[in-house]
Amino acid sequence: MITPQSNIPSTLRLMLSTPSIRKMHMNRTTALNRKGFVDGQWVDAASGKTLKVYNPVNGNVVGSVPDMHVEDTQTAIDAAFKAFQTWKDTTAKQRSQILRKWYDLMLTNQKEIAEIMTLESGKPLVEANGEVVYGNSFIEWFSELARQVRGDVLSSSTPSKKLLVQHQPIGVVGLITPWNFPHAMIARKASAALAAGCTVVIKPAEDTPLTAVEMGKYAEEAGFPPGVVNIVTSSRLNTPAIGKLLCEHHLVAGISFTGSTAVGRILYQQCAHGIKRLGLELGGNAPFIVFNSANIDKAVEGALTAKFRNCGQTCVAANRFFIQEGVYDTFLDKLTSRVKALKIGDGLHEGVQLGPLINEAQLHKVADFVNDAVSKGAKIVTGGKPMPDVGRLFYLPTILTDINDTMLVYGEEVFGPVISLIKFKTEKEALDIANTCDVGLAGYFYSEDVSQIFRVSKNMEVGMVGVNEGLISCAEAPFGGVKQSGLGREGSHLGMEDYMYIKYTCIGNLA
């Protein structure tokens, strides 16, 4: 399995063992035609235009959503700003209770959400279920953390003054989320913002908007007042203008974005004029290092998890594999055997471990990276080509060796099911190469040497390190990177900071 059972929460392991979950609605044929959600109403685009959503497995139309534009986004911003005037004055307990209801509803309806996610993203159903559990954990976490925000009473050097510090919500927040985790990225951002007392305008990715709309349905049922949660769906053509409006609008106090570093730079510039609060979770190019002391079986298992989840289309996916020369051959042999055994196909079918890439652009990118490497001397151990007999967007899981620094796979993020193996001699050599890139989101390494574990953890230039573990994110831990991998942290007790101002009050002339 790509996702080892030991890495799956116990609640999900129980669900996955239940026949009703494994066999649910496999023959869905009804189109999922949905509307946007603005000011507590389910609405069409002002233009009347719609956007078709396709299943990447077979190209079939899954459903449609409104193709909204700037005028629709303006309406959503106005609604969110109006709602903020009262939502900001709700008690932490009230916000906590509504968030908990949202969590409970999404827990109850997990199988429907997971199936929709698989239909529009192509990821295997076991992964979709895992994502819903993971995403829901943030809603549960922030429903509890809402009541834990504390201020301070400071000791004053002047007897006649009292010094108070308190946290207040910043206002309307634009949440721009990616296609690869359509549930979890919304849950992680929105629950933190809502817990802080902000209102949100959610712009889901054009490839996977149906999951977002389904989440909006349960937000409405949970009792969020009109305008507190808004969902604006749109095509790729309209997305830049919507993003620009969210970044530049004077009523929007902050932006949270997960996506590529290139787009993050654009949003950073657009937010500069208004000095917006900005959270950016951007690209990664994660190193995966296996030292001579490593448990090789665990390292291979971790490599499968860190690389092939969501067909390699994750920002924390292991991308560059550095294997120390003493264990290189053993690791390669065991990894190759496991990769060749992966079951590829429609994620709604039981036992499938690897689905398609999300669209043709991503398929071409992966193929171009592999072809570039081969043209410059790389060897294909397994894979290395598309799988048109399975579907137009499938690509064989691939292992490349004999990598050098002239190849795209050496220094750039492939975002697909491609492993590039690089042999190294010393710890310093591995770290020097791993740290050369200008991004630093996640990194992984395997070692049984305690001194090495602490040494490499310290010197790896990333925001998150997985030591002998390929699946590292959870609600309790801060998620984010260094260098050009972004700004801020999501999850953990730090996750609400981007959505709160710190206000200091000095009360003077006290007797």
Determine how large the accessible area of ILE98 is when every protein chain is in place; take a 1.4 Å probe and give Å² rounded to the nearest 10.
30 Å²
Could you give the angle, 0 to 90 degrees to the nearest 10, between helix 261-272's Cα long axis and the longest principal axis of the Cα atoms of the chain?
20 degrees
Give the distance, in whole Å, between the Cα centre of region 216-286 and the Cα centre of region 300-317.
26 Å
Give, in whole angstrom and from largest to smallest, the semi-axes √(5λ) of the equivalent ellipsoid of region 221-275, with λ running over the eigenvalues of the Cα gyration tensor.
22, 15, 11
Just to be sure I follow the rule: in region 172-328, considering lysines 8 or more places apart or on different chains, how many pairs have Cα atoms under 27 Å apart?
11
Whole-percent carbon and sulfur share, accessible surface of the chain, 1.4 Å:
53 percent
Please arrange ASP368, ASP89, ASP498 by accessible surface area, largest first, computed with a 1.4 Å probe and ligands excluded.
ASP89, ASP368, ASP498
Would you mind checking which residues have amide H under 5 Å from TYR501's amide H? H placed 1.01 Å from N; only 5 or more apart, or other chain.
GLN168, ILE170
With the Cα gyration tensor of region 451-507 in hand, give its eigenvalues times 5 under a square root as the equivalent ellipsoid semi-axes, listed largest first in whole angstrom.
29, 13, 12
Segment ALA31-ASN295, length gained on full extension (0.36 nm per residue, minus Cα span):
90.3 nm
How much accessible area per residue does the chain have, in Å², with a 1.4 Å probe?
41 Å²
Dimensions in Å of region 416-492 - Rg and Dmax from alpha carbons
13.2, 37
Let me cross-check TRP87: its accessible surface, 1.4 Å probe, with only protein heavy atoms counted, in Å² to the nearest 10?
10 Å²
Log10 I(q)/I(0) at q = 0.08, 0.09 Å⁻¹ for the chain, from Debye over equal alpha-carbon scatterers, is -0.50, -0.63
About the Cα centre, and with charges only on the beta carbon of Lys, Arg (+1) and Asp, Glu (-1), how big is the dipole of region 241-351? Nearest 20 debye, please.
300 debye
Spelling it out for ILE231: with amide H atoms placed in the peptide plane at 1.01 Å from N, the residues 5 or more places away or on another chain with amide H under 5 Å from its amide H are PHE37, VAL38, ILE202
Ordering PHE81, PHE37 by the accessible surface of their heavy atoms, 1.4 Å probe, largest first, yields PHE81, PHE37
Rounded to whole Hz and in sequence order, give me ³J(HN,Hα) for region 384-398 from the Karplus expression 6.51 cos²θ - 1.76 cosθ + 1.60, θ = phi - 60°, writing x for Gly and Pro.
x, 7, x, 10, x, 5, 8, x, 6, 10, 8, 9, 4, x, 10
With +1 at each Lys and Arg Cβ and -1 at each Asp and Glu Cβ, the charge dipole magnitude of region 339-388 around its Cα centre, to the nearest 20 debye, comes out at 280 debye
Through the Karplus equation 6.51 cos²θ - 1.76 cosθ + 1.60, θ set to phi - 60°, convert the phi angles of region 339-349 into ³J(HN,Hα) values in whole Hz; use x for Gly and Pro.
5, 5, 8, 4, 8, 10, x, 5, x, 7, 8
Kindly sort LEU335, LEU107 by accessible area of their heavy atoms, largest first, with the probe set to 1.4 Å.
LEU107, LEU335
Share antiparallel - DSSP beta bridges, the chain, percent rounded to 5:
40 percent
Using alpha-carbon positions, what is the distance between the centroids of region 69-112 and region 426-494, in Å?
33 Å
Along Cα→Cβ, 7 Å out, is where each label goes; now give me the distance between the ones at SER451 and CYS506 in nm to one decimal.
5.3 nm
Counting sequence-distant residues (5 or more places) and residues on other chains, those with an amide H built under 5 Å from that of ILE323 are VAL290, ILE422, LYS423, PHE424
In region 116-194, which trypsin sites (Lys or Arg not before Pro) are in a loop and have at most 10 other Cβ atoms within 10 Å, using DSSP for the loop call?
ARG150
Given the candidates ILE433, ALA46, ILE472, the one whose Cα lies deepest towards the positive end of the charge dipole of the chain, counting +1 at each Lys or Arg C-beta and -1 at each Asp or Glu C-beta, is ALA46
3J(HN,Hα) from dihedral phi, region 113-128, Karplus parametrisation 6.51/-1.76/1.60, rounded to Hz, x for glycine, proline:
5, 5, 5, 4, 4, 5, 4, 9, 10, x, 5, x, 4, 4, 6, 4
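Test of understanding: what is the full-extension gain from ASP333 to SER375, defined as 0.36 nm times their sequence separation minus their Cα-Cα distance?
Numbers: separation 42, 0.36 × 42 = 15.12 nm, distance 2.38 nm.
Fully extending the segment from ASP333 to SER375 adds 12.7 nm.
What Kirkwood radius, in Å to one decimal, follows from the Cα pairs of region 362-419?
11.3 Å is the Kirkwood radius here.
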For region 348-472, treating each Cα as an identical point scatterer without solvent, what Debye log10 I(q)/I(0) comes out at q = 0.18 1/Å?
-1.08
All aspartates and glutamates inside 16 Å of LYS101 as judged from Cα atoms, apart from same-chain residues fewer than 8 positions distant:
GLU140, GLU144, GLU214, GLU220, GLU221
Quick check on region 138-203: take the gyration tensor over C-alpha atoms, sort the square-rooted eigenvalues as a ≥ b ≥ c, and tell me if it's rounded (a/c under 1.5), prolate or oblate.
prolate
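The values are calculated or read from the model by the stated rules, or taken from the named source; none is laboratory data. Being a predicted model, the structure only gives us computed values, none of them experimental. No Cβ is skipped: glycine too gets one built from the backbone with ideal geometry, and neighbour counts run over all protein chains shown. Surface accessibility is based on the protein's heavy atoms, side chains included, excluding ligands, DNA and RNA. Shrake-Rupley method; radii C 1.70, N 1.55, O 1.52, S 1.80 Å.
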